[in-house]
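J.: Before I ask anything, let me first share the structure, which is written out below as structure tokens.
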Amino acid sequence: MTSFTSSHTAVARRASDVEERVAELLARMNLDQKIGQMTQPERMNVTPDEVKRYHIGSVLSGGGSCPGDNRPADWVAMNDAYWAASMEEDEGHLAIPILYGVDAIHGNANVLGATVFPHNIGLGAAGDPELIERIGRVTAREVLATGVDWTFAPTLAVARDVRWGRTYESYSEDPGVVSRYAGRIVRGLQGGGGSGGVEGGSEGRLDAEIGHGAGLPALGPEGVVACAKHWVGDGGTRDGVDQGNAVMDEEELRRVHIAPYVSALEAGALTVMVSLSSWNGEKCHAHRYLIQDVLKGEMGFRGFVVSDWNGVDPLAEDYGEAVAMAVNAGIDMVMVPETWKAFIAALRERVERGDVPVERIDDAVGRILRVKFACGLFERGRPWGRRGANGSSFGSQAHREVAREAVRKSLVLLKNEGGVLPLDKGGRILVTGRGADDRGRLCGGFTVEWQGVVGNDRIEGGTSVWEGIKAVVPGAVLGGVGGVGEGQSVGGPQDMGEEEGDFDAAVVVIGERPYAEGLGDIREAGPVRPGTNQLPAGPGVLEPYGDTLQLAVLHPGDLRTIRVLRERGIPVVVVLVSGRPLVVDDELAASAAFVAAWLPGSEGGGVADVLFGDYDFEGRLPMGWPGGWGRVLFPRGFGLHLLGSEV
Ligand code: BGC
């Protein structure tokens, strides 16, 4: 037998093996055990004991929800306890390993000391699918280090309105770019073979055999289960309102928003998360046509579909009816962070009343078990004993090098007047602005906390922009980091007791503070929808980020800092840290050079690599850049090299 034939046979045997094991296990399960598998509480609200008692199939961490001191060892210990409970077999309970899910959306960034990659918008600017796959592999390793097997990533949103608070989770406004990345990130995360080497954009191809037909692909030994989200149209809502309504015909929905899922499924994505948004007024969580007919039917998806945070609740006034709608629409696992006991009771009642067919339950549980078998969960053993658990590669230098490369490649040079860049490492350089020495700001949302953090304390390891510059420029000076007019001083030369002429240039790091989801929306004030992730308490926090994209209005101190320095004759190099393009006409005009840095993550040193000319700029805008008065200032794809030509 040739090696091709034998490996081919092995794959085929594995696929049918999985189906046999699913059928055999399913046949032994009673209704409570099945419903338990479909239930996903949040870790704060469920004990290992309850996992066993209620036959829970999955537990998740909401953004910022962490065990113990939030070290990998704490996570392994927690998962070990859940796993052990799920694997106790006796007359009332079957041993089915728990699948734990986290939002490792730019590295395993919930955990202290993780390597934090640029958010997706920066990776879109980098335009390097091979890099994306490597990032997926590193992320998977850092997830496995915590005893976790499932990440709610990648986000395949195609953000069409930068006012959306989740714009930074989108690689691009261009479905072709998102499609080119989708398969590579899934392959990187899952570490398996996918279904057959699909390269390039698959825009518009829904007729293809998605590779789920012959059974699900197995995970690589260093892979975690990926979750393509949010199905579908999350980036296309009207006015960019988070969880809003995507108003468009089916042709556009398929061409723009569904297209990336074709690549993700071809690469073998094992799970899909439903969007909290609506399509033409109908909630995706109740959309039988989109989930059951298009995703599972037409596209042949054989993994399982998970709902988003409390996504079932708003479907109907009567909770039981809402549950029935979601499950009948094709949702297999339900994310019910707090009210999971009510969910279990409601689903049971609806099955007994005949509102939810038993066949639908069997299909849902069969899919969940199929993923658990396909990803080797039954064979992985207890988290403490797993290869890589609490491993030393977590946050390692080698991992951080990959992130730093991503930072370098993601920076987009928008202006370089008189060739002020590259800066001279031998020069006197003032580094200032609110973001200058702030790794939290560089990381943005979904880092340690759901809404992210400000400052350096909780981002362990890595470098701020200042720390990166300091390492290579002996004559660099950190100015006060405040912005004028926001209760802090400008931090300019006067603070340092320097003569203004002493500085050859100033690097001013400005932009947005961290945010996540609807709290990052730009729209009229008013409460953010309550369905979202753990909402921090306190007045005002449920408001959107602001009501304008204009940075000079959102953070006026940034512009004042630039102007003060410029008036002193110091050429200003602006580094804009933001989750999206902002209207920065005034800041651009007042600066000599301007760099869009997006949300680069923990490795701010990558900014120094490029500002001081060790590497050239390679990034190109992943979405059009707005100017004032609704005009487009820079088109998608724009970006300058150091020597002035376009990238
Ligand atoms: C978000 C999802 C996330 C989930 C779990 C939700 O609020 O919309 O993207 O995966 O929370 O944290």
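J.: If amide hydrogens are placed 1.01 Å from N in the peptide plane, which non-local residues have theirs closer than 5 Å to the one on Leu112?
T.: Correct list: empty.
J.: While we're looking at this one, here's another question. For the pair Arg238/Glu89, report the inter-label distance in nm, with labels modelled 7 Å from Cα in the Cβ direction.
T.: About 5.5 nm separates the two model spin labels.
J.: Of Trp83, Thr151, Tyr168, which is farthest along the charge dipole of the chain in the positive direction, counting Lys and Arg as +1 and Asp and Glu as -1 at C-beta?
T.: The Cα lying farthest towards the positive end belongs to Trp83.
J.: Let me spell out the model: positive unit charges on the Cβ of Lys and Arg, negative unit charges on the Cβ of Asp and Glu, origin at the Cα centre of the stretch 289-360. What dipole size does that give, in debye rounded to 20? List each step's numbers first, then the result.
T.: Numbers: 7 positive and 13 negative charges, 58 e Å.
Dipole size: approximately 280 debye.
J.: Another question, then. Helix-only mean residue ellipticity at 222 nm, the chain, DSSP H runs n ≥ 4 weighted -39,500 (n - 2.57), per residue, nearest 500. What is it? Can you show the working numbers first?
T.: Details: 20 runs with 206 residues, N = 647.
Taken over the chain, the calculation gives -9500 deg cm²/dmol.
J.: Please work out the C-alpha center-to-center distance from the stretch 214-284 to the stretch 372-397 and express it in whole Å.
T.: A separation of 27 Å, based on Cα centres.
J.: Let me have the relative contact order for the chain, percent, based on Cα pairs under 8 Å that are six or more residues apart. Provide the component values of the computation, followed by the final result.
T.: On the way: 1636 pairs, mean separation 105.4, N = 647.
Relative contact order for the chain comes out at 16 percent.
J.: What are the residues whose amide H is under 5 Å from the amide H of Val647, where those residues sit 5 or more places off or on another chain and H is modelled from the backbone?
T.: Gly639, Leu640, His641
J.: Now for a separate question. Pop out the ³J(HN,Hα) list for the stretch 62-74 in order, Karplus 6.51 cos²θ - 1.76 cosθ + 1.60 with θ = phi - 60°, rounded to Hz; leave Gly and Pro as x.
T.: After applying 6.51 cos²θ - 1.76 cosθ + 1.60, I find x, x, x, 8, 9, x, x, 8, 6, 9, x, 5, 5 Hz.
J.: Provide the per-residue ³J(HN,Hα) series for the stretch 37-54, in order, calculated from phi with Karplus coefficients 6.51, -1.76, 1.60 and θ = phi - 60°, each as a whole number of Hz, with x at glycine and proline positions.
T.: 4, 7, 9, 10, x, 8, 4, 5, 10, 8, 9, x, 4, 5, 4, 6, 4, 9
J.: Right, something else. For the stretch 533-647, calculate the relative contact order in percent as a whole number, restricting contacts to Cα pairs under 8 Å that are 6 or more residues apart.
T.: On the way: 139 pairs, mean separation 21.0, N = 115.
Averaging sequence separation for qualifying contacts and normalising by length gives 18 percent for the stretch 533-647.
J.: Please compare each pair in Lys415/Lys470; Lys34/Lys372; Lys52/Lys341; Lys34/Lys296; Lys229/Lys372 to a cut-off of 22 Å on the Cα-Cα distance and tell me which ones are over it.
T.: Details: Lys415/Lys470 24 Å; Lys34/Lys372 14 Å; Lys52/Lys341 13 Å; Lys34/Lys296 20 Å; Lys229/Lys372 19 Å.
Over 22 Å Cα-Cα: Lys415/Lys470.
J.: For the chain, what is the charge dipole size about the Cα centre, in debye to the nearest 20, if Lys and Arg each add +1 at the Cβ and Asp and Glu each add -1 at the Cβ? Before the final figure, lay out each step's value.
T.: Numbers: 62 positive and 89 negative charges, 187 e Å.
Once rounded to the nearest 20, the dipole reads 900 debye.
J.: Okay, moving on. From a point 7 Å beyond the Cα of Glu401 in the direction of its Cβ, which residues of the stretch 133-155 have a backbone N at a distance under 20 Å?
T.: 133-143
J.: Further question on the same structure: Let me know the charge dipole size of the stretch 588-647 about its Cα centre in debye, to the nearest 20, where only the beta-carbon of Lys, Arg (+1) and Asp, Glu (-1) is charged.
T.: Numbers: 3 positive and 6 negative charges, 86 e Å.
In debye, rounded to 20, the stretch 588-647 gives about 420.
J.: Still on this structure, please answer the following. Of Trp309, Val224, Gly624, which is farthest on the positive side of the dipole of the chain, counting Cα position, with +1 on Lys and Arg Cβ, -1 on Asp and Glu Cβ, and the Cα centre as origin?
T.: Val224
J.: State the answer as a single residue: which of Phe612, Ile570, Ala596 lies farthest towards the positive end of the charge dipole of the stretch 567-633, with beta carbon charges of +1 for Lys and Arg and -1 for Asp and Glu, about the Cα centre.
T.: With unit charges placed on the Cβ atoms, the residue in question is Ala596.
J.: Now, a different point. Mind checking the full-extension length gain between Asp355 and Asp616? Use 0.36 nm per residue of separation minus the Cα-Cα distance, one decimal, nm.
T.: Roughly 87.8 nm would be gained on extension.
J.: Can you tell me how much longer the chain between Trp384 and Ala27 gets when fully stretched, taken as 0.36 nm per residue apart minus their C-alpha distance, in nm with one decimal?
T.: Working: separation 357, 0.36 × 357 = 128.52 nm, distance 3.06 nm.
Result: 125.5 nm gained on full extension.
J.: Please list, ordered by chain and number, the residues whose modelled amide H lies under 5 Å from the amide H of Val507; skip anything fewer than 5 residues away on the same chain.
T.: Leu430, Val431, Thr432, Val573
J.: Could I have the simple spin-label model distance between Ala316 and Glu282, label points 7 Å from Cα toward Cβ, reported in nm to one decimal?
T.: Distance between label points: 1.6 nm.
J.: Counting trypsin sites (Lys or Arg not before Pro) as exposed when in a DSSP loop with at most 13 other beta carbons within 10 Å, what is the longest stretch of the chain free of them? Let's see the in-between values first.
T.: On the way: sites that count: Arg353, Arg387, Arg631.
In short, 1-352.
J.: OK, next. Calculate the length of the line joining the C-alpha centroid of the stretch 82-134 to that of the stretch 324-361, in whole Å.
T.: 26
J.: Would you kindly state how much longer the chain becomes between Asp502 and His641 on full extension, computed as 0.36 nm times their sequence separation minus their alpha carbon distance, in nm to one decimal?
T.: 47.2 nm
The numbers here are math on the coordinates, done by the rules we state, and not lab data. It should be emphasised that the depicted structure is a prediction, and the values quoted were computed from it without experimental measurement. Positions of Cβ are generated from backbone atoms using ideal geometry, with glycine treated the same way; all protein chains shown enter the neighbour counts.
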